[in-house]
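Please read the structure below before turning to the comments.
Derivation of every value follows stated rules applied to the coordinates shown; laboratory data play no part. Because the structure is predicted, anything quoted here is derived from the model rather than measured. When we count neighbours, we look across all protein chains shown, and the Cβ atoms used for this are built from the backbone with ideal geometry, even at glycine.
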Amino acid sequence: MCRKLTKTLASAVSMLVVVASLAMAQGGRMSSADDTITMLVVVASLAMAQSSKKGGLDDTITYAQGVVTTMDNTGMATVQTDRGVQYVVLGKGLKVGDKVECTTKEGQTTCDKTS
């Protein structure tokens, strides 16, 4: 969640920097109508970036925090997330009680130790 918010904010700031650069290049001759059109373009660009399923701002990626609850003898770990969802993932380097951050992308879930 935090990563998605950060990327969205970074995109918005980038767009504003581009718009400000264009305004400065015109020598400050922008009218209020130009300002309105510029802001509409920025808002529309951000809306399209967020609604896009392919190549959008990680729309297909979900993040969750959790704890490893069990390990089996084949190296698989059961993770209980803060949202109450359980995942069974490859537990390489994990042990029971480890705090993890899980990432799900295109149906594949991986969990990495956070502490």
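Taking the criterion of being loosely packed, with under 15 Cβ neighbours inside 10 Å and on the phi < 0 side of the Ramachandran plot, the residues of region 68-79 that qualify are T69, T70, D72, N73, T74, M76. If you filter region 69-86 down to residues that are polar (S, T, N, Q) and assigned to a loop (DSSP other than H, G, I, E, B), you find that the one that is nearest to T109 (Cα to Cα) is T74.
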